[in-house]
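The values are calculated or read from the model by the stated rules, or taken from the named source; none is laboratory data. Quantities reported herein were computed from a predicted structural model and do not represent experimental measurements. Positions of Cβ are backbone-derived with ideal geometry, glycine not excepted, and every protein chain shown enters the neighbour counts. SASA here: full protein model, heavy atoms, side chains in, ligands and nucleic acids out. Shrake-Rupley method; radii C 1.70, N 1.55, O 1.52, S 1.80 Å.
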Amino acid sequence: MLEFVLYMVFSVLETCAMFYLALRIFKIDIYTKEIIFSSLIMAFFSFVLRNVYNYIQLDVLLQFVLLTCFLWLLFRIHLFYATIITGITYQAYSFIQTLCFFIMEQSGLFSSSSPYSINIMTFVLQSISASAAFFTAVFIGKKRKGFDFIPDKQGGKVQIHTRDKILFAINLPSAAIVMSTTYFIQNFSKLFIFVPITYGLILYIYLYHSYQKDRSNYEHLSK
């Protein structure tokens, strides 16, 4: 029972941080009740898949799908853009967490043989990663950074341009990389530095095209 409670607490913390980061990046209103509700459901499914059935990769895929669906159905974001938001959010959070893991592993605080087992250092890693994501989101909000191209209404016709297609297409390799992270850690631990670097590169591509998308929208409105 204690294992379940601890897993739920720290998983909800992480998922709330991901939601908060996602909504701040795209200047979307924060709805606390919806975030907590979604996080509880996602954490429960994660516990069952990881600890009952040991389906880690399936859990990663399901979390990706659930986050997209909650953004679509609860936050009323168009499904196409909800998928893009999910991709960027996972890359950003994975970059933060793998970088924290690398620093902890190099400091001797974490074992690369069992990076996702339930122990005190796993909870420490989750807490540090979630805190970093929260502080990043707060910084983005205070500095009024982020992107404006996500429509604030689910209905209506969506005009899909080339940059939208690029952002959507990046979700495919990014999801595969997230799912393969555990395998890479366990079998190629000496080369783990390339994991956060890869996440960082994909995140840069996401942010670059998002910036260009925002810029093109501003230029179109100014004409």
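A few comments on the model shown:
- Qualifying positions in the stretch 187-201 - in contact with a Ser or Thr (Cβ under 6 Å, 6 or more places away or on another chain) and open to solvent by 20 Å² or more (accessible area, probe 1.4 Å): Ser189
- Identity of the residue in the stretch 28-62, surrounded by fewer than 20 Cβ atoms within 10 Å (Cβ to Cβ) and of a type in the set (Ser, Thr, Tyr), that ends up farthest from Ile150 (Cα to Cα): Tyr53
For every residue, the table says whether it meets (1) open to solvent by less than 60 Å² (accessible area, probe 1.4 Å); (2) modelled with pLDDT of 95 or more; (3) in contact with a Gly (Cβ under 8 Å, 6 or more places away or on another chain); (4) not basic (Lys, Arg).
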residue: Ile88; (1), (2), (3), (4): yes, no, no, yes
residue: Pro115; (1), (2), (3), (4): yes, no, no, yes
residue: Ala132; (1), (2), (3), (4): yes, yes, no, yes
residue: Phe149; (1), (2), (3), (4): yes, no, no, yes
residue: His161; (1), (2), (3), (4): no, no, no, yes
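- Within the stretch 166-186, the residues that satisfy the criterion of being more than 17 Å from Asp148 (Cα to Cα) and open to solvent by 80 Å² or more (accessible area, probe 1.4 Å) are Leu172, Tyr183, Gln186.
- Residue tally, condition of a type outside the set (Val, Ile, Thr) and either under 17 Å from Trp72 (Cβ atoms) or over 15 Å from the mean Cα position of the chain (by Cα) (or both), over the stretch 11-26: 5
- Those residues of the stretch 134-147 which are open to solvent by 40 Å² or more (accessible area, probe 1.4 Å) and either assigned to a loop (DSSP other than H, G, I, E, B) or modelled with pLDDT of 95 or more (or both), in sequence order: Phe134, Phe135, Thr136, Val138, Phe139, Lys143, Arg144, Lys145
- Scanning the stretch 63-78 for residues that are without any contact (Cβ under 8 Å) to a residue 60 or more places away in the chain and either of a type in the set (Phe, Trp, Tyr) or open to solvent by 50 Å² or more (accessible area, probe 1.4 Å) (or both) yields Val65, Phe70, Leu73, Leu74, Phe75.
- If the condition is being in a loop (DSSP other than H, G, I, E, B) and surrounded by fewer than 21 Cβ atoms within 10 Å (Cβ to Cβ), then the stretch 1-26 contributes only Met1.
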